[in-house]
Amino acid sequence: MLPDAKDNYWWGVSWALASHARQKGVSLGIYFSAGYADVASQQRQWALCESLGAQAIVVAAVNAEGLKAEAARAMKQGIFVVDFVNGASYRTSLQAALNFNQIADLVGARVKAVSQKARPVVAWFPGPADSAQVNDTEVRLRQVFAQQGVQLGIGGYGPPDPGHQAGLVRGYLQAKGTPDFIVGNAAAVVFAGRYFKRRPPPAPILISVGVSHEVVSLLREGLIDSIVTDTPIHNARAVLDAVVAAVQGPRSGAASLELPVLLLTQASLPQVDLSSLLPPASQWIVQQPLPPYFSFDQADR
């Protein structure tokens, strides 16, 4: 169960899950909510998966609290529950959430390394409000920037799709002028990169928190400084492997799966395996229903 279908981060995750499941012989349903505020859809999808006999549920929850009751109920039934990427506040069988402190620390270190001012202004475009990912990253960023003397301006919260983020970036620039840095989700940084490409200097230094084909292209062109990202394709495959192993073998209680975080620059990009970060360039979102009464019995045979 994945969040907003307009966020192309999850397009890659859905493709990786679907293709890896086919390779392993696993029956897999992939469901999206209507947005980061739509916890009701995820609650309905959860109930549907239980009714179809799901042995495991992997969920990137739209917020940290909304599926607490569903997770507890499923685990009592013996369903293996995975908290994937976004971070939940409740107990699950496996936690495979990102280390948002690490993300913020990498951003802070990069700002410090490339800033030409003692007290630079950073405009921050985090993405959706009430997301654990956004909230945890922002809390840590405030701490890091306060220690560095960085002035943090909030560009606004909203779904990380191009339309919403373009409006937020335009609004910030009109109201407050050009900052020294723009740090934000991939859609915001892509818009900012294209916007300032058409305008005379000075332009802000751009750091993307998240990866996309467009962000990588702008990094190659030198229009953005760097990318702080996890490895979405690798992570999706690793989580599915962990689920299959848990369902087929003995379970040992709560566990965690570390999801790596990287800092990419124009210099380091050629050494990075982009297939662990991005789906094929033409890949669209993958949604598919869960077949009833599925089994993992044929996986890995």
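The values are calculated or read from the model by the stated rules, or taken from the named source; none is laboratory data. Every value quoted in this text rests on a predicted model; they were computed, and no experiment measured them. Using ideal geometry, Cβ is built from the backbone for each residue, glycine included, and neighbour counts are taken over all protein chains shown.
Tabulated values for the structure
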read-out	value
Residue in segment 46-63 that is nearest to Asp4 (Cα to Cα), counting only those that are aliphatic (A, V, I, L, M) and under 14 Å from the mean Cα position of the chain (by Cα)	Val62
Hey, Leu263 outside any loop (DSSP other than H, G, I, E, B), modelled with pLDDT of 95 or more, surrounded by fewer than 21 Cβ atoms within 10 Å (Cβ to Cβ) and not β-branched (Val, Ile, Thr) or not	yes
Residue within segment 243-250 that is assigned to a helix (DSSP H, G or I), small (Gly, Ala, Ser), modelled with pLDDT under 95 and not assigned by TED's automatic domain parsing to the domain that holds Val111 present	yes
Whichever residue in segment 82-131 is of a type in the set (Phe, Trp, Tyr) and touching a Gly at 6+ places or on another chain (Cβ under 8 Å) and, among such residues, is farthest from Arg237 (Cα to Cα)	Trp124
Val216 being surrounded by 17 or more Cβ atoms within 10 Å (Cβ to Cβ), more than 17 Å from the chain's Cα centre (by Cα) and not aromatic (Phe, Trp, Tyr)	no
Cβ pairs under 7 Å, 6+ apart, first in segment 35-57 and closer than 18 Å to Leu94 by Cβ, second in a helix (DSSP H, G or I) and polar (S, T, N, Q)	none
Qualifying position, being modelled with pLDDT of 95 or more and crowded, with 23+ Cβ neighbours inside 10 Å, among Val81, Val85	Val81
Criterion (in contact with an Asp or Glu (Cβ under 9 Å, 6 or more places away or on another chain), modelled with pLDDT under 95 and buried (at least 23 other Cβ atoms within 10 Å of the Cβ)) met by exactly one of Ala34, Ala61	Ala61
Candidates Phe125, Phe84 - the one that is outside the structural domain of Ala246 (by TED's automatic domain parsing), aromatic (Phe, Trp, Tyr) and within 30 Å of Gly167 (Cα to Cα)	Phe125
Selection status of Pro202, in contact with a helix residue (DSSP H, G or I) (Cβ under 8 Å, 6 or more places away or on another chain) and either at pLDDT below 95 or more than 18 Å from Asn8 (Cβ to Cβ) (or both)	no
Condition broken by Val134, with the remaining ones in (1) under 15 Å from Val107 (Cβ atoms); (2) crowded, with 17+ Cβ neighbours inside 10 Å; (3) touching a residue at least 24 places away in the same chain (Cβ under 8 Å) satisfied	(3)
Selection count where residues are in a loop (DSSP other than H, G, I, E, B) and either in contact (Cβ under 8 Å) with a residue 60 or more places away in the chain or of a type outside the set (D, E, K, R) (or both), scope segment 107-129	8
Filter result for Val114 (of a type outside the set (Ser, Thr, Tyr), in contact with an Asp or Glu (Cβ under 7 Å, 6 or more places away or on another chain), under 17 Å from Ser208 (Cβ atoms) and at pLDDT 95 or above)	yes
Number of the condition not met by Asp161 [criteria: (1) at pLDDT 95 or above; (2) closer than 22 Å to Ile182 by Cα; (3) charged (D, E, K, R)]	(1)
Single unsatisfied condition, Ala192 versus (1) over 17 Å from Ser217 (Cα atoms); (2) surrounded by 15 or more Cβ atoms within 10 Å (Cβ to Cβ)	(1)
Residue count, segment 130-145 (criterion: part of a helix (DSSP H, G or I) and over 12 Å from the mean Cα position of the chain (by Cα))	10
Phe196 within 28 Å of Gly158 (Cβ to Cβ), among the aromatic types (Phe, Trp, Tyr) and more than 20 Å from the chain's Cα centre (by Cα)	yes
